[in-house]
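Heads up: the structure comes next, in structure tokens.
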Amino acid sequence: MTAAEGALRDMLRNHSIVVCTGSGGVGKTTTAAVLALEAARMGLRSVVVTIDPAKRLADALGLEGLTDAPSEIEGEWPGELWALMLDTKSTFDALVTGNAADPAQAARILDNRFYRNISGALSGTQEYMAMEKLYELHETLDFDVVIVDTPPTRNALDFLEAPRRLTRFLDHRLYRLLLSPTRGLGKAVNVATQAFLRTVAKVVGAEVVEDALTFFQAFDGMEQGFKERASRVLELLSADETAFVLVTAPRRDVVAEARYFAEKLADADIPVRALIVNRVHPDFGGADAGALRERARTLAGTDLGNLYANLADFRTVGAMEDEHLAGLAASVAPAPVVRVPYLASDVHDLDGLDEIALHLFR
Amino acid sequence: MDPAQFFAASRVVIVAGKGGVGKTTVSATLARAAAQVGLTTLVVDVEGKSGLASMFGQPAFTYDEAVLSPGGGPGGSADVRARTLTPDLALLEYLEDHGLSKVSRRLVGSGAIDMVATAAPGIKDILILGKVKQLETTAAADLLVLDAPAAGHAISFLRSPRGLLDAVRVGPINAQARDVLDLLTDPQRCQVILVTLPEETPVNELVETAYSLEDEVGVSLGPVVVNGLYAELDGLDTDPVAAAAAAGASLRPGEADHLAAAATFRRSRMALQAEQLDRLATELPLSQIHLPHLFTTDLGPADVDLLAAAALAGIRALSADGTGP
């Protein structure tokens, strides 16, 4: 076993939360599932929170639809493997219900159209609810390790900033303005507010403004609870028991995004505990690409020439990938770098996850 | 089908697909191909990705239009230009064009745009699509290629006008949503080109996306672009030792194994690709344009030209009504 491969097992053993982050399309969901499976194999009680997994992977994990509670996946392992597919809206609903003063306040909020829009569409809501869910799983259920897949975002810190963004939104100056009329403040504020609302209504229509007003009135008094919860979630994410895994692929554009993610995490004092590179072209060995290409040219038109050309193709792309990854590895040092080769077949079931595990934990 | 006729079918082409399948590559490819047959092309980016500019060997571009590859030259090709659209700037521009610059400063300056966008989700999308519609009506280029957000988002992105028509029943946003919907549902003005890789998961997602876009948005779908196909290469099933004997060449120690391993890998990927192409054809009655897998991690102008040539060949192979081959 190499140091890097042992390091991934240590990471699972020593952290109670593992966050997989990276750009879209690099295999974060699959990686999260493989890590959770391995944790179960190590005898741990693990749960993976996925966001929008591909259908066959969801089927393989026994996820039949969005659920708010984890379900156990049966298998031959000493630990336990649980999985759940994040349902942003019901997670948000539970958060509202848990923070409301009474069921009537909760009902007023849950029925409001503006709330329904926020819970489904406010940018960052999905990120925040993923974090909220992992906090809840960590706090209330007795899992050894919670592994979470993050939504594809352009900015690694979106999900870290999401709790703050939501509370900032709820704390917005405008929100204060909107609430002031009901608090019976002076008419001057009222007039200014009304003028502003009229201009907004001009753009989006009066109904929308009416819904928003009703929402903020219903929400009054709950913002403190929300803020406290958000700061506890943030605290957990920046604690030592949380490990961040950066997932990437060896293409130039994706590596550039990964470097950007790594920098942002470093700025926030969050160490990257491992770098996992998916879909690396396999190294078949042999001479360097230039020499092979030359052989292919000399032998053009023969089967051997084509065999050389093919090997040269893989050696060429392999060398480029090595170059990109060397720079990235340096920027996350001392985190171990684990490469998962581009496999000869696609991954969409437990056997496929096992094959990846072979490369991650060989 | 004649490529010039293909690209003239609608002024707007929206390129959509799951993350990682090469949407931006395909946007660059189609733009370059259209420019090569003489159409000035504007690529519209909505995610501020740097990849597009470097594919043309150019520095990153912004909200203002930049030339990625100039027209003229021996091939007589036209310009490929590009710009990034952001909802905030599109909104400012919209409000200023409609004599509401005072409101606009207040909306954007106070951060209220987030609040308004929350009140009626889809507003940011409609601002971008509204700007695309304006570029279309003012004929900013012969062809507008919109590099859409990744798949899940692409559906909500394109569904935004319908959703907004329900949420906002009056006013300029409503009018904008109506205009955008007219554009999206008119096959003479707009078509969506879906991109996939010849792999199981992306093909599944593409099929799902295709049906939801047709049913829920009512857009017209152009041919599907399948990206990353390994090119045919004879002799990959020949044993390297036998191939060497036939060619009268000798192999270095260990080389037979390296050659055989690489050949086996490529053949198994190719078999898988062929299977997925068949499945795609069975599950989705749309014609396909195939682009080759390039053995590089850094696409540059020469690669884009190569892909554009493959796209043009694929378009020529389509039947005249665009449904074949």
Between residues in segment A:61-76 that are closer than 18 Å to A:Leu141 by Cβ and surrounded by fewer than 14 Cβ atoms within 10 Å (Cβ to Cβ) and residues that are among the aromatic types (Phe, Trp, Tyr) and modelled with pLDDT under 70, which pairs lie under 9 Å by C-beta distance while being six or more apart or on different chains?
none
How do the helices (runs of 4 or more DSSP H) wholly within segment B:1-82 filter down when requiring 2 or more residues that are within 13 Å of another protein chain (Cβ to nearest Cβ), in contact (Cβ under 8 Å) with a residue 24 or more places away in the chain and within 15 Å of B:Ala302 (Cα to Cα): which remain?
B:23-36, B:51-55
Condition (residue is of a type in the set (Asp, Glu), farther than 22 Å from A:Ala36 by Cα and touching a residue at least 60 places away in the same chain (Cβ under 8 Å)) applied to segment A:249-269: is it met by at least one residue?
yes
From the list A:Ala32, A:Ala39, which one is at pLDDT 80 or above, under 10 Å from A:Val145 (Cβ atoms) and in a helix (DSSP H, G or I)?
A:Ala39
Please go through segment B:154-191 and give me each residue that is facing chain A (nearest Cβ under 9 Å) and not in a helix (DSSP H, G or I), ordered by number.
B:Val168, B:Arg169, B:Val170
Restrict the check to segment A:43-52 and report whether at least one residue is touching a Pro at 6+ places or on another chain (Cβ under 9 Å), within 14 Å of chain B (Cβ to nearest Cβ), part of a loop (DSSP other than H, G, I, E, B) and modelled with pLDDT under 80.
yes
Criterion first (surrounded by 17 or more Cβ atoms within 10 Å (Cβ to Cβ) and more than 10 Å from every other protein chain (Cβ to nearest Cβ)) does B:Pro223 satisfy it?
yes
Need pairs with beta-carbon distance below 7 Å; first residue within 14 Å of chain B (Cβ to nearest Cβ) and within segment A:319-336, second aromatic (Phe, Trp, Tyr) and part of a helix (DSSP H, G or I); sequence gap 6+ or separate chains.
none
Counting just the residues of segment B:238-292 that are farther than 23 Å from A:Phe314 by Cα and surrounded by fewer than 13 Cβ atoms within 10 Å (Cβ to Cβ), which one comes out farthest from the other protein chains (Cβ to nearest Cβ)?
B:Pro285
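So which of B:Leu95, B:Leu146, B:Leu91 ends up being open to solvent by less than 40 Å² (accessible area, probe 1.4 Å) and either touching an Asp or Glu at 6+ places or on another chain (Cβ under 6 Å) or at pLDDT 80 or above (or both)?
None of the other options fit; the residue is B:Leu146.
The values are calculated or read from the model by the stated rules, or taken from the named source; none is laboratory data. Remember, predicted model here, so these are calculated numbers, not experimental data. Here the Cβ is made from the backbone with ideal geometry for all residues, glycine too, and neighbour counts use every protein chain on show. Protein only, heavy atoms only, side chains kept; ligands, DNA and RNA dropped before computing areas. Shrake-Rupley method; radii C 1.70, N 1.55, O 1.52, S 1.80 Å.
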